[in-house]
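**Student:** Quick one: this structure, given as structure tokens, is what I'll be asking you about.
The values are calculated or read from the model by the stated rules, or taken from the named source; none is laboratory data. Since the model is a prediction, treat every value here as computed from it, not as a measurement. Note that we place each Cβ from the backbone using ideal geometry, even for glycine, and neighbour counts take in every protein chain shown.
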Amino acid sequence: MTTLPEPTPTAIAAGQATNPLSDSVIEAAVNDLVRQTSFRDDSPLPQYGPTPPVEQPGTPSMSARTTEVTRAVMFCSLATVPPGLIAIGVMVASEHADPTVIGMICAAPAVIAVPILALARLLRGAKPEPEVHNHYEGPVYQDQRNVHSSTRGVWAKTNNQQ
């Protein structure tokens, strides 16, 4: 093993005072400073206490039902990622990723869904009204002349009184 020569003391540069503190004094001062600023509490923490839980700042806690719904929404939204990535891969591979193709792909679901929904609504409304047969026995009294209707205020409130 090669031994290195001892370093030679360097000369003090002009205009600098000599340091009266030796290295051991500086090291002792640094160790004392570290000892004074560090503290470790090794006492065991209580496992439980009488204090009730406190609502923490930030996002409020959610009920179990809300947590389940949120989780379902996240999983359903993740299900849309693979078809989108497949569509991007097909467009890039076919080199037809121009605005017209993208517009057709994005508009296709709406173009197909709108007529289907309109037809369903038309068929739902095409059912005939059910026939109503009222059968009365004995005297029947119907009086609609004495009903007083009044609507007042910014928000309309109808108050029908007899």
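**Student:** Within the bounds of region 94-113, is there any residue that is out of contact with any strand residue (DSSP E or B) (no Cβ under 8 Å at 6 or more places or on another chain), surrounded by 10 or more Cβ atoms within 10 Å (Cβ to Cβ), modelled with pLDDT of 80 or more and not aliphatic (A, V, I, L, M)?
**Tutor:** no
**Student:** Related question: Any idea how many residues of region 55-101 are under 18 Å from the mean Cα position of the chain (by Cα), in a loop (DSSP other than H, G, I, E, B) and among the hydrophobic types (A, V, I, L, M, F, W, C)?
**Tutor:** 2
**Student:** Test Met74 against the stated conditions and say whether it is touching a helix residue (DSSP H, G or I) at 6+ places or on another chain (Cβ under 8 Å) and either surrounded by fewer than 10 Cβ atoms within 10 Å (Cβ to Cβ) or at pLDDT 75 or above (or both).
**Tutor:** Judged against the criteria, Met74 is not a match.
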